[in-house]
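I have placed the structure first, in the form of structure tokens, so that the comments after it can refer back to it.
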Amino acid sequence: MATQIFIDGQEGTTGLQIEERLRGRSDIELLEIAPEARKDPRAKRAILEQAEIAILCLPDAAAVETASLSPARTRLLDASTAHRVHPDWAYGLPELSPATRTQIRKAARVANPGCWPTGFLLLVRPLIDAGLLPRSYPLSCHGQSGYSGGGKKLIAAYQARARVGDSPEWAARPYGFNLQHKHLAEMTRYSGLDSAPIFSPSVGDYYQGMLVHVPLHTRALAPQAGLEQIHALLAQRYAGEAFVRVRPVNDESALDGGYLDATARNGSNLIDLFVFGHRDQVLLSARLDNLGKGAAGAAVQNLNVMLGLPEQLSLDSGPQPGQGGAAR
């Protein structure tokens, strides 16, 4: 029989993309709530009782409310920020560690990771686990995302400006100047760092796609850590992963006139990991679709893990990678 899935918040950006990926699968039946009943606790509770898994695509407060309404038998997958560091919820980044997939598969409650933390953690966690990067290292992280990562209000603001012919484009717009971004808690906990990194994100004048960068000084790393060693470690860690591509050291083929395109993985669940630099300095970079591997794609991948199914179902994984990830 088909597994009954309820997407709470299916009209939002992430919910719509999850529904699009799942629609048409014979092994899944999507339950829907009447539009006028979406905020009715009794109607919500009734459909939660029918569902085997509910995917929460809601603001944090609403996600907490839905979780409180859900019966114990209904498994939850939360795409909000609300439960990502909650001790009773599994963290839904399957590639994070060898144990993570088992935790997700067995969990009654799974928290989807954030888009920025996905890139940051897949770059940093293997280095910390291997002892190449000290837990005390004062890391910084910066990057740029398409404006869809800001949700409905930001999307509407950008699209409204685009409709006005004489409005100048918004260039890259940095934010988070209070250095208290909501993603810092998960970035710190699941990387294994002793303290939070300095995180300085920005939003670009394009819809989706993102780059995440982590600079390193090799003199502050373990003695054996250098450009080639870091690359080899990442390649070994993600060998055989369906969605992770570790590109060659200083991959010139990925650059267009010296520039790295943030949108090259849009529409897929793929993430590229790059290692640029020289003897003294290394720049780790991740490229992903903030609505794919950074949101809806990650949710579908987690759903497949929870159901014990192949992770690639409904997702674009491209050619199977060899060691280090064969890029396409």
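Details
- Leading residue by the ranking (surrounded by the most Cβ atoms within 10 Å (Cβ to Cβ)) among those in region 253-273 that are within 26 Å of Val300 (Cβ to Cβ) and among the charged types (D, E, K, R): Arg265
- With respect to (1) of a type in the set (Asp, Glu); (2) touching a Lys or Arg at 6+ places or on another chain (Cβ under 7 Å); (3) over 30 Å from Tyr238 (Cα atoms), the lone exception for Glu65 is condition (2).
- Any hit, region 96-104, residues being surrounded by 19 or more Cβ atoms within 10 Å (Cβ to Cβ) and touching a Ser or Thr at 6+ places or on another chain (Cβ under 7 Å): no
- Strands (runs of 3 or more DSSP E) contained entirely in region 1-72, each with at least 1 residues that are touching a Cys at 6+ places or on another chain (Cβ under 8 Å): 3-8
- With respect to the stated conditions, Gly192 fails to be outside the structural domain of His83 (by TED's automatic domain parsing) and in contact with a strand residue (DSSP E or B) (Cβ under 8 Å, 6 or more places away or on another chain).
- Residue satisfying all of: in region 17-45; among the aliphatic types (A, V, I, L, M) and at pLDDT below 95; nearest to Leu315 (Cα to Cα) among these: Ile33
- Leu154, sole failed condition from (1) of a type in the set (A, V, I, L, M); (2) at pLDDT below 95; (3) assigned to a loop (DSSP other than H, G, I, E, B): (3)
- Put simply, of Leu127, Leu96 the only residue that is of a type in the set (A, V, I, L, M, F, W, C) and in a loop (DSSP other than H, G, I, E, B) is Leu96.
- The condition (being crowded, with 17+ Cβ neighbours inside 10 Å and either in the same structural domain as Phe274 (by TED's automatic domain parsing) or in contact (Cβ under 8 Å) with a residue 12 or more places away in the chain (or both)) is satisfied by just one residue among Leu179, Leu154, Leu211: Leu211.
- Being closer than 20 Å to Ala286 by Cα and surrounded by fewer than 22 Cβ atoms within 10 Å (Cβ to Cβ) is true of Ala172.
- Answer residue from region 130-151, given it is assigned to a loop (DSSP other than H, G, I, E, B) and among the hydrophobic types (A, V, I, L, M, F, W, C) and is surrounded by the most Cβ atoms within 10 Å (Cβ to Cβ) among those: Leu133
- Matching residues in region 177-207 - criterion: being under 23 Å from Leu260 (Cα atoms) and either part of a helix (DSSP H, G or I) or modelled with pLDDT of 95 or more (or both): Ile198, Phe199, Ser200, Pro201, Ser202, Val203
- Qualifying residue in region 240-255 (condition: farther than 23 Å from Leu313 by Cα and either in the same structural domain as Ser97 (by TED's automatic domain parsing) or assigned to a strand (DSSP E or B) (or both)): yes
- Selection from region 71-121 of residues that are of a type in the set (Asp, Glu) and in contact (Cβ under 8 Å) with a residue 60 or more places away in the chain: Glu95
The values are calculated or read from the model by the stated rules, or taken from the named source; none is laboratory data. Values in this document were obtained by computation on a predicted structure and should not be read as measured data. Using ideal geometry, Cβ is built from the backbone for each residue, glycine included, and neighbour counts are taken over all protein chains shown.
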